[in-house]
Each structure stands twice: as C-alpha cells, then as structure tokens.
1. Can you give the helix-only mean residue ellipticity at 222 nm for the chain, where every DSSP H stretch with n ≥ 4 adds -39500 (n - 2.57) and the sum goes over all residues, rounded to the nearest 500 deg cm²/dmol?
2. Between 0 and 90 degrees, rounded to the nearest ten: what's the tilt of helix 208-222 against the longest Cα principal axis of the chain?
3. Share of antiparallel DSSP beta bridges in the chain, in percent to the nearest 5?
4. Relative contact order of the stretch 109-224: what whole-number percent is it, with Cα pairs under 8 angstrom and at least 6 residues apart?
5. Helix 44-54: angle to the longest alpha-carbon principal axis of the chain, degrees 0 to 90, nearest 10?
6. Shape call for the stretch 97-192 from the C-alpha gyration tensor, a ≥ b ≥ c root eigenvalues: rounded (a/c under 1.5), prolate (a/b greater than b/c) or oblate?
7. I want to check a number: in the chain, how many lysine pairs have alpha carbons closer than 19 Å, given a sequence separation of 8 or more or different chains?
8. What is the stretch 183-226 by shape, rounded, prolate or oblate, if you read a ≥ b ≥ c off the alpha carbon gyration tensor as root eigenvalues and call it rounded for a/c under 1.5, prolate for a/b larger than b/c, and oblate otherwise?
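Please treat every number below as a calculation from the coordinates, not as lab data. Predicted, not measured: the structure shown is a model, and the values here were computed from it. We place every Cβ from the backbone using ideal geometry, glycine too, and count neighbours over all the protein chains shown.
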Amino acid sequence: MIIEHARDMLKRERLFFDKMQAHIGEVNGTISIGCSSLIGQTLLPEVLSLYNAQFPNVEIQVQVGSTEQIKANHRDYHVMITRGNKVMNLANTHLFNDDHYFIFPKNRRDDVTKLPFIEFQADPIYINQIKQWYNDNLEQDYHATITVDQVATCKEMLISGVGVTILPEIMMKNISKEQFEFEKVEIDNEPLIRSTFMSYDPSMLQLPQVDSFVNLMASFVEQPKA
C-alpha cells in the first residue's frame with residue numbers, strides 16, 4: 001500500500017509539472033509510452049528518432065512488452081500503442097492493419113508439412129486463427145515444433161532456414177523474394193487482419209509533448225511507404 005501510494009504521488013507530481021510547462025507553452029516535460037513488442041521492433045524507433053529531433057527537451061520514457069502487459073498497466077503511460085482490439089474507456093486512433101503471409105522456402109510448397117513450424121507468442125484468439133488456417137490449408141493438425149517469445153526471433157529463424165511460419169506484413173521487410181515464397185493467409189475467404197491502435201486519455205492531449213507525439217505518429221503512418 002505504501003509503495004503504491006508513493007507511485008501515485010510521483011505520477012501526480014509529474015502530471016502537475018507537465019501541466020505547468022504546458023501553460024508556459026513549451027514542448028518539454030516527460031512523455032511515457034507503452035508499446036507492444038512488435039511495434040517496438042519496427043515502427044517506434046524511427047518515430048522516436050523524429051520526435052527527439054523535433055522536441056529535444058522532452059524526456060522520453062518507453063516500456064515495451066506484450067499487448068496484454070501494456071494494457072494491464074495502462075495507467076502508467078500517457079500513450080499506448082498496442083495490437084488487436086481497441087482499449088476500453090480511452091480514445092483510440094487506428095494506425096494501420098496488417099495482412100498475414102505464410103512464408104516458406106522457394107519451390108518447397110509440397111514439403112511445408114515436413115518443415116518445422118515456428119510460432120511466436122501472442123494472444124490465444126490470434127494463435128487460434130493461425131491454427132485454423134494451418135488445419136484448413138495444410139490438411140493436417142496444427143503442430144508448432146518451435147515456439148519463441150518474440151516475433152523478431154521467429155523471423156530470424158525463418159531467414160536462417162530453420163522452418164516455416166506466418167508473419168504479419170509489418171515484419172516482412174528484408175525477407176528475400178528470391179529465397180522465399182509468400183502465401184496470403186485467408187480464413188473463410190477473408191484476410192487475416194491484425195490492427196494497431198494508439199490509445200490515450202483525451203485529457204492528456206492538454207500536454208504539448210503528448211499532443212505532439214500523437215500528431216507525429218498519426219502523420220508518420222499516413223505517409224506512403226516506398
């Protein structure tokens with residue numbers, strides 16, 4: 001109880017200080033961001049680099065973890081970027097959707113059931129969708145022989161020739177089309193989609209450093225990608 005009270009006091013003090021800076025009209029203070037692992041490995045580093053260049057006086061605090069972990073500790077962050085569904089009782093900005101692809105070594109489609117399937121840690125509903133596609137399209141029961149905790153590890157194992165997997169589109173950068181084939185994942189004739197949301201309490205937009213980050217992130221994902 002004492003530790004929890006102390007944490008609440010520190011949060012209130014930080015929020016008070018940030019609001020004082022907001023009245024001055026400066027973009028400084030602290031921004032706390034909770035982010036899913038996948039976004040932390042792909043999108044966030046570039047966005048933070050841009051943000052830091054534009055607002056060098058802002059102290060950036062980032063916690064990267066599973067979507068479930070970030071949502072469970074939502075009170076610790078000004079802004080969250082998570083995968084899956086919207087966060088209840090917060091403002092949610094839809095950033096983008098990911099299609100998914102079954103990826104396997106080139107010219108080895110007939111051998112995929114003999115190769116290890118690599119699974120990354122994710123929420124049960126998501127994994128069940130992958131299982132359903134596997135069962136329906138590979139005509140055998142799903143069996144992940146290799147399980148890893150991070151999607152980045154899954155990708156590296158794929159590239160190294162360890163086995164086959166299903167990856168979201170955001171993770172497909174630098175996977176050679178000369179070495180691998182890509183089969184779009186559809187369930188009941190609908191693409192398997194995973195959404196990414198940016199979530200925050202609307203009152204936090206009163207803080208210039210939060211408002212600036214939210215606008216920068218929204219603008220970044222709207223830019224056409226090469």
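1. Calculated mean residue ellipticity at 222 nm is -11500 deg cm²/dmol.
2. Tilt relative to the chain: about 30 degrees.
3. 60
4. With pairs under 8 Å counted, the relative contact order is 25 percent.
5. Around 30 degrees separate the two axes.
6. Numbers: a/c = 1.23, a/b = 1.14, b/c = 1.07.
It comes out rounded by the Cα gyration axes.
7. So the count works out to 18.
8. Values: a/c = 6.17, a/b = 2.15, b/c = 2.87.
Oblate.
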